[in-house]
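Participant: Take this structure, written in structure tokens, and hold onto it; I'll ask about it next.
The values are calculated or read from the model by the stated rules, or taken from the named source; none is laboratory data. All of these numbers come straight from a predicted model, not from anything done at the bench. Here the Cβ positions follow ideal geometry from the backbone for every residue, glycine too, while neighbour counts run over all protein chains shown.
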Amino acid sequence: MRLLHFTASVLLLALNTSVLASEVWQVLGDMRAGWVQYDYNNPPPGDPNIHQGNVDSKGFYVVPKLSVITPTLEGFYAKVTGAVATDFGLNDPEYESRTFVLGRNGKSYAILQEAHVAYDKNGHRVLIGAEESDTPMINTDEGYMLANTFQVATYTNTAFEHMIFSAGYFHKMAGVFDNGIDGTHYQSMAKASFVSFKDRLNAKDRGIVYGAFQYDDTTHNFQFWNYYATDLYNTLFVQYDLTQNAGSFSYDIGLQFINFKAVGALSDNDHSRIDYSLYSARFDGTFENGFTFDTGAAKYTDGEGQSSTLGAWGGYPYFVNGMIFHFFEAGSLQNAASYKAQAGYNVNDAYWLGVRYTHWDLDPLYSKTLTGESQDFMKTYGFHLSYNSKSGGYFTGTYEYLDLDNEPKTFGLRLIGGYRF
């Protein structure tokens, strides 16, 4: 479950480059608060056979963040960000199993969200340390209460016109929502994955090596990423977007291919099986008067491994998904197809209001409830309102209704707002 991008914007390749060169010290802050609720028609203690054992969850949380950035000297700078996640003891712990803010022990915590040194000059950027990094398959997932963060070593080259090259190593991550174990502190990328416990042990504390290339001339955008997780699986990500204007109408035609393949120790055992691909296409458009639309279609091959890979490490670049509910509600997405239709309206680049319908054609041979009933479909109906002011205030409200074959109807609600300074 995840709040995703709601525009037709093209993915950007480079890791987080929001820090601008400055001759003075910078202090940045973000005071965020939110209400999170998931109603599975399964109140605590819950029936383990309903919605795969997911239990009704709700809670109010506050997440303040503060960053300090040093002056830039000959291209070198450093950044430190601290964050706290708390509910002030107001929530009922029995209703927090699916809110994914405080971790498994349900206690408030503080974390060093970023602590890195970097060199950024003449088209060369080198960074070592903890950063809220953004790539297609390993991502901050900033739309939620507290962003993921990663201990990384990266190099990005933007010295060539229209081209970007990048390579690096992800060592550990923190992030409660996208972490296979307790994400309130840093864990190795292997431990944080969604594979079986035995496969995590086999992979020990290894990280992920990646390499990437992007060509973007505003009309044609091609990007290639490869992530190699030793003794886990390799992820190949390829995407092409054609962006054009026709009078007051602009549109984006995109094609995407993602392949997941087990490697090393994981490919030699039967704990987790990963070998499948995802093919997707989209057609998104924006009118000068503020109206937007997004459409997409996707097809999963009949190989295994969707539950072990989709959304792992915070990456959700998929063309077809819901606003809150996505991949893990259905029994399986093996050999499934999915379709998305969204309409929205943008007001002065401050407000965005939109609705989304997503339909999954599930393969009943693979997708089943825990009681063995076959599932033919999953449908989501979502509504989203967002606001961003130039003064720093922001708000996102998202509601989504889930209709999953042979499961009780359910809904999700997220109301998140704050102020950045």
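Participant: Would you point out the residue of region 347-363, among those that are assigned to a strand (DSSP E or B) and either out of contact with any Leu (no Cβ under 9 Å at 6 or more places or on another chain) or of a type in the set (D, E, K, R) (or both), that is nearest to GLU373 (Cα to Cα)?
Facilitator: Ranking the candidates gives ASP361 first.
Residues are listed down the side, and each one gets a yes or a no for (1) at pLDDT 95 or above; (2) in contact with a His (Cβ under 7 Å, 6 or more places away or on another chain); (3) at negative phi:
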{"site": "VAL80", "(1), (2), (3)": "yes, no, yes"}
{"site": "SER97", "(1), (2), (3)": "no, no, yes"}
{"site": "GLY106", "(1), (2), (3)": "no, no, no"}
{"site": "LEU112", "(1), (2), (3)": "yes, no, yes"}
{"site": "VAL117", "(1), (2), (3)": "yes, no, yes"}
{"site": "HIS124", "(1), (2), (3)": "yes, no, yes"}
{"site": "GLU131", "(1), (2), (3)": "yes, yes, yes"}
{"site": "MET145", "(1), (2), (3)": "no, no, yes"}
{"site": "THR156", "(1), (2), (3)": "yes, no, yes"}
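Participant: Moving on. Go through region 219-267 and report how many residues are over 19 Å from GLY315 (Cα atoms) and of a type in the set (Val, Ile, Thr).
Facilitator: 4
Participant: A further question on this structure: Among the candidates SER280, SER248, SER267, single out the residue that is at pLDDT 95 or above and not basic (Lys, Arg).
Facilitator: Selected residue: SER280, the only one of SER280, SER248, SER267 that is at pLDDT 95 or above and not basic (Lys, Arg).
Participant: Among what's in region 121-141 and is of a type outside the set (Lys, Arg) and out of contact with any strand residue (DSSP E or B) (no Cβ under 8 Å at 6 or more places or on another chain), pick the residue that is surrounded by the fewest Cβ atoms within 10 Å (Cβ to Cβ).
Facilitator: ASN122
Participant: So, one more: Of all residues in region 85-102, which are under 14 Å from THR184 (Cα atoms) and either among the charged types (D, E, K, R) or surrounded by fewer than 19 Cβ atoms within 10 Å (Cβ to Cβ) (or both)?
Facilitator: THR86
Participant: How many residues are more than 22 Å from ALA343 (Cα to Cα) and among the acidic types (Asp, Glu) if we restrict to region 369-421?
Facilitator: 4
Participant: Any residue in region 329-340 that is buried (at least 17 other Cβ atoms within 10 Å of the Cβ), touching a strand residue (DSSP E or B) at 6+ places or on another chain (Cβ under 7 Å) and not in a loop (DSSP other than H, G, I, E, B)?
Facilitator: Yes: one or more hits.
Participant: So, in region 364-378, of the ones that are small (Gly, Ala, Ser) and assigned to a loop (DSSP other than H, G, I, E, B), which residue ends up surrounded by the most Cβ atoms within 10 Å (Cβ to Cβ)?
Facilitator: My answer is SER367.
Participant: Being of a type outside the set (Gly, Ala, Ser), within 23 Å of GLY392 (Cβ to Cβ) and touching a Phe, Trp or Tyr at 6+ places or on another chain (Cβ under 7 Å) is the filter here; which residues of region 334-354 pass it?
Facilitator: ASN346, TYR351, TRP352, LEU353
Participant: Here is a list of conditions, (1) in contact (Cβ under 8 Å) with a residue 60 or more places away in the chain; (2) charged (D, E, K, R); (3) over 18 Å from GLN26 (Cβ atoms), and GLU132 meets all of them except one; can you say which number that is?
Facilitator: (3)
Participant: List the pairs whose first member sits in region 345-360 and is in contact (Cβ under 8 Å) with a residue 60 or more places away in the chain, whose second member is of a type in the set (Lys, Arg) and part of a strand (DSSP E or B), and whose Cβ atoms are under 9 Å apart, counting only residues at least 6 apart or on separate chains?
Facilitator: Every condition considered, the pairs that remain are ARG356/LYS340.
Listed here are the residues, each with its yes/no results for (1) part of a strand (DSSP E or B); (2) of a type in the set (A, V, I, L, M, F, W, C); (3) under 18 Å from the mean Cα position of the chain (by Cα); (4) crowded, with 17+ Cβ neighbours inside 10 Å.
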{"site": "ARG200", "(1), (2), (3), (4)": "no, no, no, yes"}
{"site": "GLN214", "(1), (2), (3), (4)": "yes, no, no, yes"}
{"site": "THR218", "(1), (2), (3), (4)": "no, no, no, no"}
{"site": "TYR227", "(1), (2), (3), (4)": "yes, no, yes, yes"}
{"site": "GLN239", "(1), (2), (3), (4)": "yes, no, yes, yes"}
{"site": "GLN244", "(1), (2), (3), (4)": "yes, no, no, no"}
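Participant: Collect the residues in region 284-316 that are acidic (Asp, Glu), closer than 28 Å to SER332 by Cα and not in a strand (DSSP E or B), keeping them in residue-number order.
Facilitator: Answer for region 284-316, where residues must be acidic (Asp, Glu), closer than 28 Å to SER332 by Cα and not in a strand (DSSP E or B): ASP302, GLU304.
Participant: So which residues in region 404-421 are under 27 Å from MET31 (Cα atoms) and either touching a helix residue (DSSP H, G or I) at 6+ places or on another chain (Cβ under 9 Å) or of a type in the set (Gly, Ala, Ser) (or both), if there are any at all?
Facilitator: GLY412, GLY417, GLY418
Participant: Okay, moving on. Give region 51-66 a look and list any residue that's surrounded by fewer than 18 Cβ atoms within 10 Å (Cβ to Cβ) and not hydrophobic (A, V, I, L, M, F, W, C), or say none.
Facilitator: GLN52, GLY53, LYS58, PRO64
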